[in-house]
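**Student:** Mind having a look at this structure? Questions to follow.
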Amino acid sequence: MSMFCFQCQETAKGTGCEIKGVCGKNEVVAKLQDLLVYVTKGIADVVVKGEIDAKSISEVNHQVLKSLFITITNANFDEDAIEKQIVKMIDLRNQLKKQVSGVKLSDAAEFEVTDRASMLEKAAKVGVLSTENEDVRSLREMIIYGLKGMAAYTHHALNIGKENLDINAFIYKALAATMDDSLTADDLVALTLKTGEHGVSAMALLDEANTSKYGNPEITSVNIGVRKNPAILISGHDLTDLEQLLEQTQGTGVDVYTHSEMLPAHYYPAFKKYDNFAGNYGGSWWQQITEFETFNGPILFTTNCIVPPRSEEIRGRIFTSGASGYPGCSHIVPDENGKKDFTAIIEMAKKCKPPVEIETGNIVGGFAHNQVIALADKVVEAVKSGAIKKFFVMAGCDGRMKSREYYTSFAEKLPKDTVILTAGCAKYRYNKLNLGDIGGIPRVLDAGQCNDSYSLAVIALKLKEVFGLDDVNELPIAYNIAWYEQKAVIVLLALLSLGVKNIHLGPTLPGFLSPNVAKVLVEKFGIAGVGTVEDDIKLFMGE
Ligand code: SF4
Ligand code: SF3
């Protein structure tokens, strides 16, 4: 076996990628990512055992978030960039160690490597399979994947200047705990829920960062056709990159389109003032394989999800920033004030043909908590009158597997007196269907990106209050969530920590759940997989 990774839904055979990632990650990238996670654990060990206050180590905090983010599925395939980050983290770790004396540190805090070969040799000993007990391994990895998602959201908030040091302190504590052999399976289950709690805080922090800077999302109709100008496509989740790109493209004759998870940027009031912010191009992340061909212009990835480009021509048009990276693609780095210079992308766009139109029409979204709560009277009335029988939270990720057609069919076949609440790129399975509305309330309410699943939780808690219920599970809300990468793991853990039960998770249950851990999730939280559309609808509707 040359590598092992089972962190995403598309993992080979549902059990683990062992030769090459289904995502395109090769053995070297996989191993370097393992080592990057390991050195962040080493830093956590130093911080926890040395009782170092997160307040005093801001650069370390930031680099830990970035390192975890780099290892998220489809974020970074660039061996050299990951190697550089490992070197940086070892250096930070060694600086940090000078503050600590008289404690025995773990190997993760002590190891040294000299070159790529020694990194790969070390990585082979510290990956996922280095934990032998499969239940402990399963719980440790579930916590680590949750932390990766949490780190991504916290990193976005940081880019907007918002921090919550309790989250950073928790990340250290939890990372260190994943190396602690004295913890029992019960301790690790408790830590999983704690991870979920901090996931709620991370999403709330990002929500506060986004809405304080860009305003509260509002109902918006987004054009999915094209204009006649050359253009740049921006993908991923980082709104600060989008803001800077929109500023720098003003008056250049270059339009900006969103792709995949960047679509919800259109819902924020602050971006509506840019007249070259043209619309959204294409569907969810995996459709980039054909959509980048017809887009014609350069593409900026601000985060995941990158699919290895099929041609040199396309690779030459891809730029990356932040935690994302791809070999051979230009990576834009910020200056010391966080400013990024996108001139190279804009100049390239000017020489490219305008995008080819692949569809026409509009998508309506912008139903984050503030907007939905503004409509609360209407929603509550519709529930009381029986016009709305049930809400279906269908947030999460999309993916390539054919089995995900389930979600399109599920949305189509749901009774007409139901409403879908969505967030994340899962929505592309049904957001272009004409599902109609109920007394003016659209049957698909899109709150935004995957992190805006937080909005769905806020909405549920508000409804619980309005209806005077004691338990969020008494609401007429069912959860049928699609997952793919580790941000969906933190969303799931966040919902569990809020007491939400009976979540259905698909299209397949995570390969990283051992049979015993899966059993705990089923027994304690009522987690279930998906069946056939017809059976599941009957089950959810209580028929
Ligand atoms: Fe496989 Fe997913 Fe890991 Fe990629 S991220 S190597 S597809 S499990
Ligand atoms: Fe999608 Fe990658 Fe997860 Fe932010 S863009 S939800 S998969």
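**Student:** Got at least one residue in the range 97-105 being surrounded by 19 or more Cβ atoms within 10 Å (Cβ to Cβ), away from ligand 2 (no atom under 16 Å from the Cβ) and at pLDDT 95 or above?
**Tutor:** Taking the range 97-105 as the starting set, the residues that turn out to be surrounded by 19 or more Cβ atoms within 10 Å (Cβ to Cβ) are none.
For the range 97-105, residues surrounded by 19 or more Cβ atoms within 10 Å (Cβ to Cβ), away from ligand 2 (no atom under 16 Å from the Cβ) and at pLDDT 95 or above: absent.
**Student:** Could you pull out the residue among Ile43, Ile72, Ile90 that is crowded, with 23+ Cβ neighbours inside 10 Å and assigned to a helix (DSSP H, G or I)? Step through it out loud before you land on a result.
**Tutor:** Numbers: Ile72 fails: assigned to a helix (DSSP H, G or I); Ile90 fails: crowded, with 23+ Cβ neighbours inside 10 Å.
That would be Ile43, the only listed residue that is crowded, with 23+ Cβ neighbours inside 10 Å and assigned to a helix (DSSP H, G or I).
**Student:** Suppose the filter is assigned to a loop (DSSP other than H, G, I, E, B), within 14 Å of Gly365 (Cα to Cα) and open to solvent by 10 Å² or more (accessible area, probe 1.4 Å); does Leu433 pass it?
**Tutor:** Judged against the criteria, Leu433 is a match.
**Student:** Another one. Name every residue in the range 142-166 that is open to solvent by 20 Å² or more (accessible area, probe 1.4 Å) and outside any loop (DSSP other than H, G, I, E, B), in order of residue number.
**Tutor:** His155, Leu158, Asn159, Leu165, Asp166 - these are the residues of the range 142-166 that are open to solvent by 20 Å² or more (accessible area, probe 1.4 Å) and outside any loop (DSSP other than H, G, I, E, B).
**Student:** Would the range 298-307 turn up any residue that is closer than 23 Å to Lys350 by Cα and open to solvent by 50 Å² or more (accessible area, probe 1.4 Å)?
**Tutor:** no
**Student:** Can you pull out every residue in the range 6-20 that is near ligand 1 (Cβ under 9 Å from one of its atoms) and of a type outside the set (Asp, Glu)?
**Tutor:** Within the range 6-20, Phe6, Gln7, Cys8, Gln9, Thr11, Ala12, Gly16, Cys17, Lys20 meet the criteria.
**Student:** Please enumerate the residues belonging to the range 517-540 that are part of a helix (DSSP H, G or I) and surrounded by 14 or more Cβ atoms within 10 Å (Cβ to Cβ).
**Tutor:** Correct list: Val517, Ala518, Val520, Leu521, Val522, Phe525, Val533, Asp536, Ile537, Leu539, Phe540.
**Student:** Among the strands (runs of 3 or more DSSP E) confined wholly to the range 167-273, which include 3 or more residues that are open to solvent by 10 Å² or more (accessible area, probe 1.4 Å) and of a type in the set (Val, Ile, Thr)?
**Tutor:** none
**Student:** Within the range 4-59, how many residues turn out to be at positive phi and within 16 Å of ligand 2 (Cβ to nearest atom)?
**Tutor:** So the count comes out to 1.
**Student:** While we're looking at this one, here's another question. Between residues in the range 482-510 that are acidic (Asp, Glu) and residues that are within 16 Å of ligand 2 (Cβ to nearest atom), which pairs lie under 7 Å by C-beta distance while being six or more apart or on different chains?
**Tutor:** Here the result reads Glu485/Cys8; Glu485/Ile72; Glu485/Thr73; Glu485/Asn74; Glu485/Asn304; Glu485/Cys397, each pair linking the range 482-510 to a residue that is within 16 Å of ligand 2 (Cβ to nearest atom).
**Student:** Could you please find all residues in the range 408-420 being open to solvent by 10 Å² or more (accessible area, probe 1.4 Å) and not polar (S, T, N, Q)?
**Tutor:** Glu412, Lys413, Pro415, Lys416, Asp417
**Student:** Could you tell me which residue of the range 21-30 is least open to solvent (accessible area, probe 1.4 Å), considering only residues that are in contact with a helix residue (DSSP H, G or I) (Cβ under 7 Å, 6 or more places away or on another chain) and more than 6 Å from ligand 1 (Cβ to nearest atom)?
**Tutor:** Val29
**Student:** Next up: When you check Gly50 against the structure, is it within 13 Å of ligand 1 (Cβ to nearest atom) and not basic (Lys, Arg), yes or no?
**Tutor:** No, not satisfied.
Results for (1) open to solvent by 70 Å² or more (accessible area, probe 1.4 Å); (2) outside any loop (DSSP other than H, G, I, E, B), shown as yes or no for each residue.
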| site | (1), (2) |
| --- | --- |
| Phe319 | no, yes |
| Asp335 | no, no |
| Ile346 | no, yes |
| Pro355 | no, no |
| Ile358 | yes, no |
| Asn370 | yes, yes |
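**Student:** Evaluate the range 488-500: report whether one residue or more is within 17 Å of the chain's Cα centre (by Cα) and over 13 Å from Val200 (Cα atoms).
**Tutor:** Looking through the range 488-500, none of the residues is within 17 Å of the chain's Cα centre (by Cα) and over 13 Å from Val200 (Cα atoms).
The values are calculated or read from the model by the stated rules, or taken from the named source; none is laboratory data. Nothing here was measured: the structure is a model prediction, and the numbers come from that model. As a convention, Cβ positions derive from the backbone with ideal geometry for all residues, glycine included, and neighbour counts pool all protein chains shown. In case anyone asks, the SASA skips ligands and DNA or RNA and just uses the protein heavy atoms, side chains included. Shrake-Rupley method; radii C 1.70, N 1.55, O 1.52, S 1.80 Å.
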